[in-house]
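Undergrad: Please read through the structure below; I'll follow up with questions.
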Amino acid sequence: MPRIRTIAIQKFRATGETRVKLSKLFRSKPKKKSTRIQPGTHISDDTVIGEHSYIGSNCSITRTRIGRYVSIANNVSIGQGEHDLSRASTSSLFYDSPYETLTAGECVIESDVWIAVDSIIRRGVTIGTGAVVGANSFVNKDVPPFAIVGGSPARILGYRLDEEKRAALLASRWWELGLEEARQTLSRLEASWATEA
C-alpha cells in the first residue's frame, strides 16, 4: 500500500514527468525548479505531476495524474479514498486491499487546469485541458476542456473561450512545449485573435 507523506519529487528525463518520491518530512522547496509544491501538502507516491505545475499549501492528492502547467490552489483535495457502500460494512478494516479499494479509479487533471481554493475532486474524475474549477466546488463528474465549473455538486457555468479559440489551443498542444516555446506559441495565438477582432 503506498504511503502518504509530505513529499519530494523527481523528474524523469525520458518522459518529462515528475513523480512523487517518498522522503523524510520535507521542509524546503523541491529541487525541481519547474514544479512547485508548497509546505503542508500530502501527495501519494503513485501520483504523477507534469512540469511547470504549482500545488498550493495543505492539499491532499491521491493516485492522480496531473498534466503540465496546472495550478492548484491551497486546501484542495483530489482523489481521496471512497468507501464501498455496497459492502456489509463501510470500514476499510474488512477490505482485502484497503488502499486499492479506496482509491479505485485514477483521477486525471489534464494540462493548463486551474483548481481554485478549497475544492474537492472526487475519485475517477477527469478535468479537461484548460478547465477552471471555482473555489469551494465539489466535482463529482468529468469536466470538458476549457469549461468553468463551480458549486456543490459542480456544474458547467460557461467556457473560458469561444469554440474557435478552444479548437486552436487544443490543436497547438502548446502545453507539450518548454516554457519559452509555450510562451511564444501562446503569444502568436493571442496576437492572431487580436487581429480577428
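Undergrad: What is the spin-label model distance, in nm, from ASP84 to ASN140 if the labels are put 7 Å beyond Cα along the C-beta direction?
TA: 2.1
Undergrad: Kirkwood hydrodynamic radius, computed over distinct alpha-carbon pairs, for the stretch 85-138: how many Å, to one decimal? Please list the in-between numbers first.
TA: Numbers: mean 1/r = 0.0765 Å⁻¹.
It is 13.1 Å.
Undergrad: Order of 139-147, 66-74 by packing, highest average Cβ count within 10 Å first?
TA: 66-74, 139-147
Undergrad: When the dipole is taken about the Cα centre of the stretch 105-197, and only Lys, Arg (+1) and Asp, Glu (-1) are charged at their Cβ, what size is it in debye, to the nearest 20?
TA: Values: 10 positive and 13 negative charges, 67 e Å.
Charge dipole of the stretch 105-197: 320 debye, to the nearest 20.
Undergrad: Where the only charges are on Cβ atoms (+1 Lys, Arg; -1 Asp, Glu), what is the dipole of the stretch 92-159 about its Cα centre, to the nearest 20 debye?
TA: On the way: 4 positive and 7 negative charges, 57 e Å.
The calculated dipole for the stretch 92-159 is roughly 280 debye.
Undergrad: While we're here: To one decimal place, what Kirkwood hydrodynamic radius in Å is obtained for the stretch 40-197 from all pairs of distinct Cα atoms? List each step's numbers first, then the result.
TA: Numbers: mean 1/r = 0.0600 Å⁻¹.
Hydrodynamic radius (Kirkwood, Cα only) of the stretch 40-197 equals 16.7 Å.
Undergrad: Once neighbouring chains are kept in place and the probe is 1.4 Å, which whole percent of the accessible area of the stretch 45-177 is contributed by carbon and sulfur?
TA: Working: 3080 of 6110 Å².
Ligands and nucleic acids excluded, carbon and sulfur give 51 percent.
Undergrad: Note the full-extension length gain between SER172 and ASN58 as 0.36 nm times their separation in residues minus their Cα-Cα distance, in nm to one decimal.
TA: Details: separation 114, 0.36 × 114 = 41.04 nm, distance 3.36 nm.
Using 0.36 nm per residue and subtracting the Cα-Cα distance, I get 37.7 nm.
The values are calculated or read from the model by the stated rules, or taken from the named source; none is laboratory data. None of these values were measured; they are calculated from a predicted model. All Cβ positions, glycine included, derive from the backbone under ideal geometry; neighbour counts span all protein chains shown. The accessibility values were calculated without ligands, DNA or RNA, using every heavy atom of the protein model including side chains. Shrake-Rupley method; radii C 1.70, N 1.55, O 1.52, S 1.80 Å.
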